[in-house]
Amino acid sequence: MREKQSKEYPDMMAIITFIATILLPPLGVAMKHGLDRDFWINLVLTLIFFVPGVIHGIYVNFLRGGTHAIA
């Protein structure tokens, strides 16, 4: 069902991912990439200090080219 929703509302999923990335950076990264290396890096950065986790999450989810995202 998630796949159907993401095809119908691709912009809505981007908005939800962005909000999740701002509020809980590891959640936003996990939504797009799963529990891979990027998630664990983001989790460590968020635990050390919140702002680097947010910056990394935005970079990984929206700015980095050649993504290997699940969604």
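Being touching a residue at least 24 places away in the same chain (Cβ under 8 Å) and surrounded by 14 or more Cβ atoms within 10 Å (Cβ to Cβ) is the filter here, so list the residues in the range 21-32 that pass it.
T21, P25, P26, G28, V29, M31, K32
Pairs are defined by a Cβ separation below 8 Å, a sequence spacing of at least 6 or placement on different chains, a first member in the range 1-20 that is under 25 Å from I55 (Cα atoms), and a second member that is at pLDDT 90 or above and basic (K, R); the pairs so defined are T17/K32.
Looking at the range 39-60, which of the residues that are part of a helix (DSSP H, G or I) and free of Cβ contacts under 8 Å to residues at least 12 places away in the same chain is farthest from I16 (Cα to Cα)? Going through the qualifying residues, I end up with I48. Take T17 and decide whether it is assigned to a helix (DSSP H, G or I) and in contact with a Lys or Arg (Cβ under 7 Å, 6 or more places away or on another chain). The answer is yes for T17.
The values are calculated or read from the model by the stated rules, or taken from the named source; none is laboratory data. Quick caveat: nothing in here was measured; it's all calculated off a predicted structure. Cβ atoms come from the backbone with ideal geometry, glycine included; neighbour counts cover every protein chain shown.
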